[in-house]
Each structure stands twice: as structure tokens, then as C-alpha cells.
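Notes for the one structure printed next.
The values are calculated or read from the model by the stated rules, or taken from the named source; none is laboratory data. None of these values were measured; they are calculated from a predicted model. In this analysis, Cβ positions are derived from the backbone assuming ideal geometry, glycine residues included, and neighbour counts consider all displayed protein chains. Calculation scope for accessible area: heavy atoms of the full protein, side chains included, ligands and nucleic acids excluded. Shrake-Rupley method; radii C 1.70, N 1.55, O 1.52, S 1.80 Å.
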Amino acid sequence: FENALVAFDLTGAQVLDLLRVVMLHRDAQSGMRIKYKVNGAKQLDVETAKFLIAGAEKEIDPAAVYTVISIDYLLNVTGGDYAAVLKQATNTRPLQLTIRDAITEYIKAETAAGREIKSALDGRFVFDKAASGAAEEPNHD
């Protein structure tokens, strides 16, 4: 897809609402560590969400304003859970870059610097088995 990257501002409270939607749909995210559980309706619930910066966690201030980067498609959806949160976004600005080009530029820069590109789990999702009363972690696929 040729999805373009867009920056926009949300309050910390709105970021938390957005992360609840991300978990509900089992979508991807980065930059956060989300601790979640399975509720009585067998849905994923966010227990805590913190910024993940260089391996350290930082609390979200519900009153602060944060810049979020996503794809234009999500901002243009007219209905559903994402639209309910993202219609509250302010200061929307296109970054003049597609997600494909951003990934390509990252790979070129890392390769040029002689760094190997490796995937690694970063703990952005943490399943709270005790709070879920579940025997095993749900499948995120």
C-alpha cells in the first residue's frame, strides 16, 4: 500500500484511548509498553501503557499533548473505533513520506553505516496472566 505517514497531536488521555482501540483490534504499535489482560468478554484490555524510550518506561501524562505518527488511511476512515479517537486529533501534518519509503530509507541508512538489521522482541506487549485468569497468552496473529 502507498500509505503516507502523517503526524498529529493527541492528549495523553486520547493516546490511552487510541491504545485501547489498538488492543481491541490486535493491531501493531511501537514506542509503548502495554500490559494487558483478557477480560470476561474474552477481549484484550489495556491495564497500563507507558512510553518505551531506550528500554526505559515513562508514564503517560493524560493532560500533556503528544505527537503521534500513523498512516493517513487511519485518519481518513470515516467510521469505527479508530475514527472515534482520531477525529479528536489536532495539528495534523503530512510528512511527505510513504511508509514504504520510510522503511527503505531506514534500511539504506543502516546498511550504509555497516549495521546489521536484526529483528528482536522488545517487550512492547506484556500479558498479565494472573489478572486474566487465563491459562495461556492469546494469539496475536
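Where (1) 1.07; (2) 1.15; (3) 0.99 are the candidate values, the label of the one calculated here for Cα Rg over 2.2 N^0.38 Å is (2). Taking every protein chain into account, the 1.4 Å probe leaves V68 with about 30 Å² of accessible area, to the nearest ten.
Dividing the helix sum by the residues of the chain, where each DSSP H run of 4 or more adds -39500 (n - 2.57), gives a mean residue ellipticity at 222 nm of -8500 deg cm²/dmol.
Measuring with a 1.4 Å probe in the full set of protein chains, what accessible area per residue, in whole Å², belongs to the chain? Intermediate values should be presented prior to the final figure.
Working: 9190 Å² over 141 residues.
Computed with neighbouring chains in place, this is 65 Å² per residue.
In region 1-97, what trypsin sites (Lys or Arg not before Pro) fall in a loop by DSSP, with at most 14 other Cβ atoms inside 10 Å?
R26, K42, K87
Of the whole protein surface, T48 contributes about 60 Å² of accessible area at a 1.4 Å probe radius.
For the chain, the share of accessible area belonging to carbon and sulfur comes to 54 percent (1.4 Å probe, ligands and nucleic acids excluded).
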